[in-house]
Structure formats: structure tokens, C-alpha cells
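Asker: Handing you a structure now.
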């Protein structure tokens, strides 16, 4: 018996219980317990980096042993889960819940249950943990509305029965639940049985991820949730689905005809999802809904990478997963503190900067993981000559960019509830941003991790290793993509940030610096005080010169501003077309 | 020693007599009588269970009164289920019995209701069974007409006709058997019936079965019986899943398999059960009145149990037992919780009371178990049922699996919707709320214990099903021969 895996499994559970009890005493104690245990969970997982497998046998259920073990694949997904759990806890810091102690406890229990699912080495344990997750989700969502929670449960529970059916079929034929026996017994099974099993799991994945057509309905579920729960659940369900899909198609079935065809089918549906979710994203009413649709679209993109059956594709897919959880975590962290009314509070400048960096991460500018993942995907697709996929990726990216532009606009101009930057928010945001930027510039470490996963998947012998900086070198050699990305980025900044700065900043700065007669506005007076506390003279001279510039810009820009949207769309379309043409030329 | 077995059926009758003779100054002890009798009965059942679990079939007979007792594993299982739940429900009825004016009548009615069920489940011959059936029918009738108002009389009359028809049909079937075989004892009958012509067998069997069906929730009779059952007093309505569903289920199984030995009849049970399930579950799904919804749900669950029995394998039959057990516990819990909601002053706002939180927790456990969340007992039940369905042909397996999945999801949605009412409202100022709360907590703990000892319970249910699939024909009577024609 080896209890070391159990200690990791128990960590979030103990943390949740302690947070609940601590919450009875004080709010700070609650978050202290929650954050420390969530970070401890991440550290424990990192310690397991080099351990291949760790078997643990607990007890008997239905005449079968419960098996647990950790490998590179489950390690990778556990780490992502741990980090998104931590972000979710920090985001819940500023939220209001009717049962806040219970909410935090359930969040941590969800984390623990999903870790249990990832380390399950037999399919029954997998199912038990999946049902536990569903149950916890049901309880946690009751806070919003019972009917809503029930609807959510019924959708996912009908999916869970598909897994139960899968389990039953394989248990009937192989007389065992464990992954190892399924792997060894699979070749002897009949083709129809295999296809049936794969079909069931793919349908389950379509519900879970969700892919087209489920993405049309599921966005309204997620848009009602609190930001913290959204962060956790979105990445949790999707990652569980992708994890089990990899285990099934690459591990159980292997590279047989069935898995090849089902992967191709998955790839096509992923690309359709990418386009449709991208289109839906820029048509949504609120920014939350747009963000969720973009998340679904990115899932489609990672499925395309997964379906390619080579290391480039899988690496790009994993990179998309990492990037996805980074920005889905960053978005609520940075978007909330930005406020129209408190535009000039000094502290909030951090948030502004961070928000725009987040948007950059989201839109896939060069030197981010998003860019590298897309680059890898496009290179593979070019080598294969998959024009349909290339077209889908480029078009979907264009749609996504438009959606991001709209999100930026709403975040900047909408009147939100005023709030300040708080310490944990800032620290976490900074940490994640640093991670995102450093990993974008020096992706070797992440490539190393993904390489291990890739080896674990073990489909054919490796030709290229990612431990060196080869891929980044490749990026630099094909300069055209960098220029495309840079052009996109500059265009984006030019058309979104400058109008905002020209319109909004100068008037208030003028008020602050008494160039315009002071209005009797209490908040403005407060701001004025704050400004005057700063050593003023140098600032005044600097700002007056800046002010002139901005004023001239302000006079110039209203002419263009009305047409910005149209121009931007044309601009992006043109870029998409150009990149398509270049891709085709490069291929020839 | 086997005479000891008469106690479970005699004790309630003695208690009924005692209550009828109680003077008014001992009024306050009457409300405890039902609980005391049921507790004594469960003690006796536990004592006898030692012998029965070894595989013996206990029989006992008083030739003078033509009363005979037969206790095998199936009988033990069903009677223990009925008795143990009857204890819990009777505990929750204590404040109700205290308040009403006709407390004697209510206690006697409760006892008779239980007596009928226990007579049927332990009966070893035709007479015992017939008496039990008549007693339970008359107890339902009495409970219907005791309500004030014209509506009670109307439903009472409606039930009178239905009850009479069903009793006459059952009695006719029994007389037909007796006339052709000349025996009253079930074990003897099981041996003698095999020599009879198939026509007579099928005819008498159909008569008995239709008699049982008219009162039950099986399609198409469920609409009639729903109207009757929903008009029963609150005291007895909680016992619907425990007593009525369980004994009807027992009767169908006992007659079709143990006595008549119609193994070929098993697949035809599916023809009855599938429309029953679909009809009742759809009704329950769209029903807005929670009481009626729960009644329809219990009919649907009995259909599901029958569906499990129609698949001729040990696993399926054992899953039928598990589903029965789980359904009975869950629906009783929800009936109790629903009673709380209808009785007290409802408020939707304010902080939740501590007792209300406990209620929510312990009523959620059985519901979650029934839907089939692992590692609760309902998961094992549904797992074995699905598993045995897959043992059939490939296309059949898919259809069965989809069918069962749809049922379970439908069931889950409306049961959780019912549970959602508990979340939204809370009730204040109920006298003796802790009697009901105690019962609900006990039921929740029962579900947890059953789930914890799931492996041994699955084994036990397999054991029962093995024995009863063999039928009573394999057994011989150790004692004196049965009735004299």
C-alpha cells in the first residue's frame, strides 16, 4: 500500500474543510486556509513530475479493485487543474455568495474529486469520481437557482450514463475494469464493439467539451455562474473530456483504423466548432457570453491539433489548453477592476496594463503561447496539405479577433461597479502574467513537459525533440508570420487604445491639472488631491506636452472613430486573406 | 420452535383487540401501540432470520384453523422491509395519533393495514393469503371513508366497487385452484399444479393476477388507483410505497414463479412493465401536485422492479430487489418531507433553521442514491440491471440501455424537483417535528449503511433470487399434509 497519492488527494479536501471551519471564525482565516492548501496541492503535484506510475490498491467494489496511479498525461492535466483551482479561489475573493464558506469548501472538494478522476487507473473509479464531480456541481449551483442546477445536472448526467454503458460493455467482454486489461484485451474485441464504444465516448465528449451543436446551448449555462466557478468548471469538464479521449483513442485502441477515422471526425467537428463559436462570440450581448464562446472555440482548435496524430499537432493542442486556462483565469481578474469612473486611480493602472496584455494573450500575438500553438498547428497542416483545416483556423482566428475587439470595447467603455485592486488579485495577476509572458518567450520548459506527455501517448517514434529551442528558431526563420502577428497587434492597439485614450483621458487630465475650470465633482476633487500629492512640477510639464498631443489626436479621431468597426473588420479579413495566400504559396 | 412464526401475524391482531378495549384514561398509551407491535415483530423476524439465512424454509401450521405460515428468504426479505419501514413511519405518526379525535380508529387502521401486508407476505396457504388480502382491502376502504366530506364518500364507494371486484377475482382464482388440486398449502400446490392442464393453470393464474392488478398501479389501472391512494389520510399515504407496492410486487412474483412455475411467463412481464413505466413516469414528470407525483413515481418504480424480474437472470432479479429497497426508502422520505411542507406555516425567506438543513441533507441522500450516483446502493442496482440487459442480444442491449437511461434521468429530474421545494421553503411551528425528522434521519442513515455494506447486500439479494428462481417445487413439506378437501 502506498499512501503518497492519497496525501495529494486529501490535501484539497482537508483544505476545504478547514476553510469552511475557518470561515466560521473570520474571513481572512478562511482564505488563508483555502489559498495555502490550494498552493500546497500544486506543489505536491509538481513534486510528482518525474514519477511515472504509482499504484495504489484500496478496496473492493463490485468485486474489482480500485486502482490509482499517476502518469505524465494525468500529471499534466492535474497541474492545470490545480492552477485553475487556485485562480478560482482567488477570484472568489471579491464575490458575494449566500453561503460563502460552503461555496469555498465545495470548490476545493471539486478540485479534489477531479484529481481523483485523473489518477484513477480503472474505469469504475473514473466513473465514481465523475459522478462525485456532478453531484458537487449540482450542490454548488443550487445557490443560483435550483431549476438551473437541475437542468445542468440532467444534461451532464445523461452524458455520464453513456460512460456507464461503455464500462458495462467492456466489463462484459473483458471481465475487468482496469485500464491495463482494457488495453491488452482491446485487440481481441470485435470491430463493431470497438466502434460502438468509441462512438459512445465521443458523444459524451461532445456534451462535455462542448462541441458543435452543444456549444449553442451550453453558453447560457455558464454565463449565469459566478466567475470563479466558471473558471473551474469550464476548464475542468473540458480537460476531463480531452484526457479520457486521449486515453481511449491513443492508449486503448491505438492507431487502428477505428481511431484514425474517429479522430478525423473529431477534427472536422472541432474546426466547425471553432468557426461557429468564433462567429457567435462577436454576436453576444455581454462580454461574459463572448468569453465563453471564445473558450468553446479554442476547445475546437485544440481538438484539431489532437486529431492530427503527430507530435506537432498534440503539442499545439496542449499549448492551447495551457493558454486557455491562463486567459480564462486572467480575464475576470483583470477585467473587473477596470472601471470607467475610477479611470485615473493610480493603482488601477496595473490592471489596465494587465488587461491589455491578457487581450494580447487571447488574440495570439507573437511571443505568446497562443501564437506558438497556432504556428505549430499551421505548419503541420501545411505539411499535410490540409487546406480545409487551414481555412477553418484562419477564418476562426479572424472571428475571434473581432470578438476580442468588441470585448475590449465593452470593458473599457461600460460603467461598472467601482472597485479597487486588492492585494491577492494583483499578486496572482502578476504571477500568471509573468508565467504567460516568460513561457511565451522561453517555451522550452513547457515543451519539455508536453514532450513527456507526447511520449506517454506513444503512437510512433519521435523525430523531433522539443527540449531545445528548435521550434522558436523555426518561428524566427519564417518571418512572415511574425509580421502578420505584429501587424494584427499594432492594428489592434491603434484602433482600440488610441481612440479611448484620446477621448477619455485628456478631459480628465485637463481637469486635474486645472487647464479646464474645475467642476464641483466630489470624486474629481478626490482625484485632484491624489494627483497633487505627487511631486507635481515635473509631472505637470510632462503632462502638458502629452496633453497637447492628445488634444490634437482627439480632434482628429472622431472622424475615423465611427468607421473603426468596419475598418477593423476589413483589416482583419484582409490579413486573413493575405496569410491564407502566403500559406498556399509557402506550400507550393 | 416454528410455532414462534405465528407471533408476527398474531401480535397486531392482539394489539387491535387491546386498543379496542382500552379505557379512555389510558388514552395516552394508544399512540405508541403500533410502534411497539412493529418493533416486537422485527425482533421476531431477526430471531428467525438466523435459521432462514442458512437456506432452510420454515413452515408451521395450525390444522384446526387452517392457518399456515411459510417463511423463505423472499418472504423474510419482504416482511423485514415492510416491518422496519412501518416502525419508522409509525414513529412519525405519533403526534398525528395524539391530536386526532378518533385516535382509536386511526391506530387500529394503521395496525390492520400492516397486518394485511404481513399476513400476505408470510402466508403459507390459500386461506391465509385470502384473509390478508381482504384485510388490507378493507383497511384501505376504512381509511377512505373516515375522511370528512362528500368527496370521501364518493371515493369510498368507488373503491368499494374496485376492491370487491378485485377480491372476487382473486377468490375465484384461488377456489379454482383448490377445486382442481384439493390442496391449500403453497408448497403442495407447487408440486400438484405441474400435473394440471395448462388451460386451467393459465385461467386461474390470470384471474388472480387481474385481481391484484386492478388495485395496483400497473397500466392501465394506475389512474384509478392513483385517485384512491391520493385520497387516503396522511397517516397511511406514507406507507404506500412500503406496503402496497411491496406486497403487490411480492404477490406477482410469488404466484408467477414460486407457485405456478411459469418461467416462460417472465418475458411477458415486460409487456406489462414497459407501458407501466412509461405511463407512470410521464405522469409523474408532468404532475404538479407533489403528493400525486410521488404516488405515480412509486407505481413507476414498481414497474421498473417488474422489468428487472422479466430478464431471466440472477443479476437482474437481484437488482430488482435492490431497486425495490431503494425506491421504498427514497419515496417514504419524500412523502414524509412533503407532509412537513403541507402541515406547517411556510416561509420562503429568512435564515434556514438548523433542523431544516438536516432535513435537506438527509432527504438528498436517498434521492441521489435512487438516481444512481456511485457509491450508493442505487448505483449497484442500476449497474446490475444494465449489465444483465447487455447480456441479451446486441440490438436489444442498446434499446434497453437507452430506455433505462431515459427512465432514470426522468426520475432524477422530478425527484430532485420535489427536493427543490424543500430548499426553497422552510416550515415553522409544527408540533412534534422531531418525530418526522428522526424518521428521515434514520432513512438517510439506512441508505448510507446499505451503501457501505453494498457488497454483502448484493450477495444476499443474489442468494434470494437464486433460491426463488428454483421455485417452491424443489422443496418438500416436512410437517403434516395440508388442508383436507
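The values are calculated or read from the model by the stated rules, or taken from the named source; none is laboratory data. Just so it is clear, the model here is predicted, and its values are computed rather than measured. Here the Cβ positions follow ideal geometry from the backbone for every residue, glycine too, while neighbour counts run over all protein chains shown.
Asker: Tell me the helices (runs of 4 or more DSSP H) entirely within the stretch B:125-238 that contain at least 2 residues that are modelled with pLDDT of 85 or more and closer than 18 Å to residue B:251 by Cα.
Answerer: B:126-145, B:150-181, B:198-215
Asker: Might you check whether a residue that is over 19 Å from the mean Cα position of the chain (by Cα) and without any contact (Cβ under 8 Å) to a residue 12 or more places away in the chain occurs anywhere in the stretch B:199-214?
Answerer: yes
Asker: Within the stretch A:47-59, can one find any residue that is modelled with pLDDT of 85 or more, part of a helix (DSSP H, G or I) and farther than 30 Å from residue B:380 by Cα?
Answerer: Among the residues of the stretch A:47-59, not one is modelled with pLDDT of 85 or more, part of a helix (DSSP H, G or I) and farther than 30 Å from residue B:380 by Cα, which makes the answer no.
Asker: Right, something else. Can you go through A:65, A:32, A:86 and tell me which one is modelled with pLDDT under 90 and in a strand (DSSP E or B)?
Answerer: Result: A:65 is the single residue among A:65, A:32, A:86 that is modelled with pLDDT under 90 and in a strand (DSSP E or B).
Asker: Specify which of the listed residues (A:154, A:223) is within 14 Å of chain B (Cβ to nearest Cβ) and surrounded by fewer than 21 Cβ atoms within 10 Å (Cβ to Cβ).
Answerer: A:154
Asker: Here is a check on your reading of the model: is residue A:185 crowded, with 20+ Cβ neighbours inside 10 Å and free of Cβ contacts under 8 Å to residues at least 40 places away in the same chain?
Answerer: no
Residues checked against (1) closer than 23 Å to residue B:86 by Cβ; (2) at pLDDT below 80; (3) more than 12 Å from chain A (Cβ to nearest Cβ):
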| residue | (1), (2), (3) |
| --- | --- |
| B:338 | yes, no, yes |
| B:347 | no, yes, yes |
| B:361 | no, no, no |
| B:385 | no, no, no |
| B:402 | no, yes, no |
| B:407 | no, no, no |
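Asker: Could you go through the stretch B:332-340 and let me know if any residue there is under 20 Å from the mean Cα position of the chain (by Cα), under 22 Å from residue B:116 (Cα atoms) and assigned to a helix (DSSP H, G or I).
Answerer: Scanning the stretch B:332-340 turns up at least one residue that is under 20 Å from the mean Cα position of the chain (by Cα), under 22 Å from residue B:116 (Cα atoms) and assigned to a helix (DSSP H, G or I).
Asker: Moving to a separate point now. It is to be established whether one or more residues within the stretch B:198-215 are under 30 Å from residue B:103 (Cα atoms) and surrounded by 22 or more Cβ atoms within 10 Å (Cβ to Cβ).
Answerer: yes
Here's the yes/no breakdown for (1) surrounded by fewer than 24 Cβ atoms within 10 Å (Cβ to Cβ); (2) at pLDDT below 90; (3) within 15 Å of residue B:240 (Cβ to Cβ):
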site	(1), (2), (3)
B:289	yes, yes, yes
B:296	no, no, yes
B:301	no, yes, yes
B:310	yes, yes, no
B:315	yes, yes, no
B:321	no, yes, no
B:324	no, yes, yes
B:329	no, no, yes
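Asker: Please enumerate the residues belonging to the stretch B:443-459 that are buried (at least 19 other Cβ atoms within 10 Å of the Cβ) and farther than 15 Å from residue B:77 by Cα.
Answerer: Within the stretch B:443-459, B:443, B:444, B:446, B:447, B:451, B:454 qualify.
Asker: Could you check residue B:127 against (1) crowded, with 24+ Cβ neighbours inside 10 Å; (2) in contact with a strand residue (DSSP E or B) (Cβ under 8 Å, 6 or more places away or on another chain) and say which number it fails?
Answerer: Tallying (1) crowded, with 24+ Cβ neighbours inside 10 Å; (2) in contact with a strand residue (DSSP E or B) (Cβ under 8 Å, 6 or more places away or on another chain), residue B:127 fails exactly one: (1).
Asker: Scan the stretch A:176-194 residue by residue and report those that are within 12 Å of chain B (Cβ to nearest Cβ) and farther than 23 Å from residue A:71 by Cβ.
Answerer: Of everything in the stretch A:176-194, those that are within 12 Å of chain B (Cβ to nearest Cβ) and farther than 23 Å from residue A:71 by Cβ turn out to be A:190, A:192, A:193.
Asker: Another question, then. Tell me, please, whether a residue that is assigned to a loop (DSSP other than H, G, I, E, B), more than 11 Å from chain A (Cβ to nearest Cβ), closer than 26 Å to residue A:149 by Cβ and at pLDDT 75 or above can be found in the stretch B:448-456.
Answerer: no
Asker: Another question, if that's okay. Do we find a residue being at the interface with chain B (Cβ under 10 Å from one of its Cβ atoms), closer than 21 Å to residue A:85 by Cβ and in contact with a strand residue (DSSP E or B) (Cβ under 9 Å, 6 or more places away or on another chain) anywhere in the stretch A:164-175?
Answerer: No, the stretch A:164-175 contains no residue that is at the interface with chain B (Cβ under 10 Å from one of its Cβ atoms), closer than 21 Å to residue A:85 by Cβ and in contact with a strand residue (DSSP E or B) (Cβ under 9 Å, 6 or more places away or on another chain).
Asker: If residue B:373 satisfies all but one of (1) under 25 Å from the mean Cα position of the chain (by Cα); (2) farther than 25 Å from residue B:461 by Cα; (3) outside any helix (DSSP H, G or I), what's the number of the condition it fails?
Answerer: The single condition residue B:373 does not satisfy is (2).
Asker: Only one of (1) surrounded by 17 or more Cβ atoms within 10 Å (Cβ to Cβ); (2) away from every other protein chain (no Cβ under 14 Å); (3) at pLDDT 85 or above; (4) within 26 Å of residue A:138 (Cα to Cα) fails for residue A:10. Which number is that?
Answerer: Of (1) surrounded by 17 or more Cβ atoms within 10 Å (Cβ to Cβ); (2) away from every other protein chain (no Cβ under 14 Å); (3) at pLDDT 85 or above; (4) within 26 Å of residue A:138 (Cα to Cα), only one is false for residue A:10: (1).
Asker: Let me ask you something else. Yes or no: the stretch A:174-182 includes at least one residue that is crowded, with 21+ Cβ neighbours inside 10 Å, touching a helix residue (DSSP H, G or I) at 6+ places or on another chain (Cβ under 9 Å) and under 23 Å from residue A:299 (Cα atoms).
Answerer: Among the residues of the stretch A:174-182, not one is crowded, with 21+ Cβ neighbours inside 10 Å, touching a helix residue (DSSP H, G or I) at 6+ places or on another chain (Cβ under 9 Å) and under 23 Å from residue A:299 (Cα atoms), which makes the answer no.
Asker: Is there a residue being within 21 Å of residue B:326 (Cβ to Cβ), away from chain A (no Cβ under 14 Å) and at pLDDT 85 or above anywhere in the stretch B:411-433?
Answerer: No, there is no match, as no residue in the stretch B:411-433 is within 21 Å of residue B:326 (Cβ to Cβ), away from chain A (no Cβ under 14 Å) and at pLDDT 85 or above.
Asker: Hey, another quick one. Can you tell me which residue in the stretch B:389-399 is modelled with the highest pLDDT, limited to those that are more than 10 Å from chain A (Cβ to nearest Cβ) and in a helix (DSSP H, G or I)?
Answerer: Ranking the qualifying residues of the stretch B:389-399, first place goes to B:399.
Asker: Within the stretch A:133-150, is even one residue in a helix (DSSP H, G or I), under 22 Å from the mean Cα position of the chain (by Cα) and facing chain B (nearest Cβ under 9 Å)?
Answerer: The answer is yes, given that some residue of the stretch A:133-150 is in a helix (DSSP H, G or I), under 22 Å from the mean Cα position of the chain (by Cα) and facing chain B (nearest Cβ under 9 Å).
Residue-by-condition table, conditions (1) surrounded by fewer than 20 Cβ atoms within 10 Å (Cβ to Cβ); (2) within 26 Å of residue B:383 (Cβ to Cβ):
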{"residue": "A:228", "(1), (2)": "no, no"}
{"residue": "A:231", "(1), (2)": "no, no"}
{"residue": "A:253", "(1), (2)": "no, yes"}
{"residue": "A:260", "(1), (2)": "yes, no"}
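Asker: As an exercise: evaluate residue A:116 against (1) without any contact (Cβ under 8 Å) to a residue 40 or more places away in the chain; (2) away from chain B (no Cβ under 11 Å); (3) closer than 16 Å to residue A:69 by Cα and give the number of the one condition it does not meet.
Answerer: Tallying (1) without any contact (Cβ under 8 Å) to a residue 40 or more places away in the chain; (2) away from chain B (no Cβ under 11 Å); (3) closer than 16 Å to residue A:69 by Cα, residue A:116 fails exactly one: (1).
Asker: Now a separate question. Being within 13 Å of residue B:82 (Cα to Cα) and in contact (Cβ under 8 Å) with a residue 60 or more places away in the chain is the filter here; which residues of the stretch B:38-66 pass it?
Answerer: Hits for the stretch B:38-66 are B:38, B:41.
Asker: Scan the helices (runs of 4 or more DSSP H) fully inside the stretch A:377-491 and keep the ones with 3 or more residues being at pLDDT 75 or above and under 30 Å from residue A:72 (Cβ atoms).
Answerer: Of the helices (runs of 4 or more DSSP H) lying wholly inside the stretch A:377-491, those with at least 3 residues that are at pLDDT 75 or above and under 30 Å from residue A:72 (Cβ atoms) span A:387-413, A:423-441, A:444-457.
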